[in-house]
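The values are calculated or read from the model by the stated rules, or taken from the named source; none is laboratory data. Here the structure is a predicted model, which is why all the values come from computation and not from measurement. Here the Cβ positions follow ideal geometry from the backbone for every residue, glycine too, while neighbour counts run over all protein chains shown. Calculation scope for accessible area: heavy atoms of the full protein, side chains included, ligands and nucleic acids excluded. Shrake-Rupley method; radii C 1.70, N 1.55, O 1.52, S 1.80 Å.
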Amino acid sequence: LTPPFLGVVISGGHTDLWYRTAHTTGTLLGRTRDDAAGEAFDKGASMLSLPYPGGPSIEKTAEGGYPKKFDFPLPLHKEDTLDFSFSGLKTSLKYLLRELYGRPAGAPLLPDLAASFQHALCSHLTDRIFRALDRYSDVKEVHLVGGVSANMFLRNLTAEVCAKQNVIVRVPKNLSFCTDNAAMIAAAGFFLSEE
């Protein structure tokens, strides 16, 4: 892994975008202003009456859905920032469900709702990545980490964005390494001990 690279930490507790000049040093470029991406997935799944954890539930339900069936807003798209915000997406889902059903989502539209919500959330993440790559042209790699990095739709969308910039995307090969684990702590200790 050759710095400089973008590190995108996406979990239930964090949504941070880092410009890394070394494994132990870097600059925080943007972070969530409200909920983390994983938390937004969890709350979205709850509104759709899907089980916890929300990310895997929404991803599985979205498999049979059309991701552009429902139009969700792209948060902060008019602001010159690399921050994230997910509260507006949750609010949009809440009002859409109220408009469609006045109650939890029914089966016929559930895959489309899940796919559209997932698409909006992942598009917001990749929009920030694209903006960061535009600003930091020396970056040749993007590293997705955290529980949400297990989402295959996000991985594919990020790969599409990065391919346009000729940038490599790195993700944990084994999905079990997307969450907190001993290997992560050991790697951090290794790089700190090398300083």
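Some observations on this one:
- Just one of the listed residues (Gly106, Gly38) is at pLDDT below 95 and either surrounded by fewer than 21 Cβ atoms within 10 Å (Cβ to Cβ) or of a type outside the set (D, E, K, R) (or both), namely Gly106.
- Selection status of Cys178, within 30 Å of Ser92 (Cα to Cα), open to solvent by less than 50 Å² (accessible area, probe 1.4 Å) and at pLDDT below 95: yes
- Boolean, Glu141 is modelled with pLDDT under 95 and acidic (Asp, Glu): no
- Residue ranges of helices (runs of 4 or more DSSP H) in the range 66-173 with at least 3 members of a type in the set (Gly, Ala, Ser): 87-100, 110-135
- Only listed residue being at pLDDT 95 or above, touching a Lys or Arg at 6+ places or on another chain (Cβ under 9 Å) and surrounded by fewer than 20 Cβ atoms within 10 Å (Cβ to Cβ), chosen from Phe153, Phe130: Phe130
- Looking only at the range 13-35, and only at residues there that are within 17 Å of Asp180 (Cβ to Cβ) and outside any strand (DSSP E or B), the one that is most open to solvent (accessible area, probe 1.4 Å): His14
For (1) open to solvent by 20 Å² or more (accessible area, probe 1.4 Å); (2) closer than 23 Å to Gly65 by Cβ; (3) in contact with a helix residue (DSSP H, G or I) (Cβ under 9 Å, 6 or more places away or on another chain); (4) not β-branched (Val, Ile, Thr), each residue gets a yes or a no:
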| site | (1), (2), (3), (4) |
| --- | --- |
| Leu93 | no, yes, yes, yes |
| Leu97 | no, yes, yes, yes |
| Leu113 | no, yes, yes, yes |
| Thr126 | no, yes, yes, no |
| Thr158 | no, yes, yes, no |
| Ala186 | yes, no, no, yes |
| Leu192 | yes, no, no, yes |
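- Looking across the range 1-12, the residues that are surrounded by 15 or more Cβ atoms within 10 Å (Cβ to Cβ) and either in contact (Cβ under 8 Å) with a residue 24 or more places away in the chain or under 19 Å from Cys178 (Cα atoms) (or both) come down to Pro4, Phe5, Leu6, Gly7, Val8, Val9, Ile10, Ser11, Gly12.
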